[in-house]
1. If you take the residues of the stretch 288-316 that are out of contact with any helix residue (DSSP H, G or I) (no Cβ under 9 Å at 6 or more places or on another chain) and within 28 Å of residue 212 (Cα to Cα), which of them is surrounded by the most Cβ atoms within 10 Å (Cβ to Cβ)?
2. Could you list, in sequence order, the residues of the stretch 1-31 that are out of contact with any strand residue (DSSP E or B) (no Cβ under 8 Å at 6 or more places or on another chain), more than 18 Å from residue 349 (Cβ to Cβ) and within 15 Å of the ligand (Cβ to nearest atom)?
3. Anything in the stretch 211-220 that is within 16 Å of residue 1 (Cβ to Cβ) and either in contact with a helix residue (DSSP H, G or I) (Cβ under 7 Å, 6 or more places away or on another chain) or part of a loop (DSSP other than H, G, I, E, B) (or both)? List them, or say none.
4. Take the residues in the stretch 52-66 that are farther than 24 Å from residue 29 by Cα and more than 9 Å from the ligand (Cβ to nearest atom), then tell me which one is surrounded by the most Cβ atoms within 10 Å (Cβ to Cβ).
5. Under the condition of being in contact with a strand residue (DSSP E or B) (Cβ under 7 Å, 6 or more places away or on another chain) and closer than 28 Å to residue 300 by Cα, which residue from the stretch 310-350 is nearest to the ligand (Cβ to nearest atom)?
6. Identify, please: which residue in the stretch 103-144 is within 22 Å of the chain's Cα centre (by Cα) and in a loop (DSSP other than H, G, I, E, B) and is, among those, nearest to residue 9 (Cα to Cα)?
7. Taking the stretch 321-352, which residues are within 23 Å of residue 13 (Cβ to Cβ), part of a helix (DSSP H, G or I) and touching a residue at least 12 places away in the same chain (Cβ under 8 Å)?
8. Which numbered condition trips up residue 283, out of (1) outside any loop (DSSP other than H, G, I, E, B); (2) free of Cβ contacts under 8 Å to residues at least 60 places away in the same chain?
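Read-outs: derived from the displayed coordinates by stated rules, not from any lab. Predicted model only: the values in this text are computed from it and were never measured. Here the Cβ is made from the backbone with ideal geometry for all residues, glycine too, and neighbour counts use every protein chain on show.
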Ligand SMILES: NC(=O)c1ccc[n+]([C@@H]2O[C@H](COP(=O)([O-])OP(=O)(O)OC[C@H]3O[C@@H](n4cnc5c(N)ncnc54)[C@H](OP(=O)(O)O)[C@@H]3O)[C@@H](O)[C@H]2O)c1
């Protein structure tokens, strides 16, 4: 397959998009056209400082904008924000995006995917997770389309999972709290494991997909650091920082009790609350936690070792690298970052920074 040079990125200013764009442009190999609703945001400015990055202002929920961006590029990285659009709308625009990309002559298309949890759990509704299934269904559809379209436009899935950074950040499903001087994760995980992903490694993986189109065409690259059990996460935190931490298994009612204000709201902030297809925050995140608690999701770590020999291989390694980085940069240590006054300052998700608001 021909390699591409200019990549249209949807979701560039997001938690995932920032390291992905960095991986593409930092050494000058690719240029990026980043879609954003606000090219003046602090995150857009951070992107501009990374290298050859220009901006297209508009929404992924706009055919003319998609067409303009895709026409100007020969590659695409598409991470459509389901927490904005909601499951149904996300699926529609993801399909249109793939179709328009072919029509406009894109040569390689990477779809920011999540596991099709419902299918992987045997279609049992207790595992239904709108923001996973909405991507996972389209991921399968893209690979199926690619069987007949793969010579005209290559396509690959980049299947991720909860960022490990979210276990150390405010306003996420796994935000820890400082309780009597002990860093405490209270989540409904039992003895299960979250298949956490390191954001930094996303840059390497997506770069690899664009650099190796022949092998990547038709591939579902499912990534993770490791299966992270939270008792192990807490123990690793104690070893790395020398400060106490613990995991407290929690039933779902107790977990959602402090979240009453949003539990009944749509998981996607612009999804229609009166549409019976719209999943509530509580229903969505019940399926989310069940998939980890019952070990539904698997990864091929040997493949990841091959594609990214220097990948982060454990939550403990991720923490050690964070501590090293803080030491070199003279910034806050992990323990300092987890103090309440600091934790709230640095939400990892743009969605949290924007207080779950913004145009579709
Ligand atoms: N949280 C996780 O652990 C995780 C892990 C894997 C995958 N995901 C999935 O990733 C997606 C969100 O990306 P993220 O994790 O990077 O979250 P994020 O930090 O909240 O970023 C959201 C991104 O989506 C963009 N966006 C939102 N609405 C848009 C619209 N209408 N048109 C164009 N761009 C729009 C935002 O751009 P502007 O604000 O600049 O317009 C921003 O770049 C979700 O679908 C989520 O399910 C999340």
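1. If we take residues in the stretch 288-316 being out of contact with any helix residue (DSSP H, G or I) (no Cβ under 9 Å at 6 or more places or on another chain) and within 28 Å of residue 212 (Cα to Cα), then 299 is surrounded by the most Cβ atoms within 10 Å (Cβ to Cβ).
2. 23, the sole residue that qualifies.
3. Our first condition is that a residue be within 16 Å of residue 1 (Cβ to Cβ); within the stretch 211-220, this holds for 211-219.
Passing the criteria: 212, 216, 217, 218, 219.
4. Result: 63.
5. Per the stated criteria, the residue is 348.
6. Residue satisfying both the conditions and the ranking: 114.
7. Within the stretch 321-352, 322, 337, 343, 350, 351, 352 meet the criteria.
8. (2)
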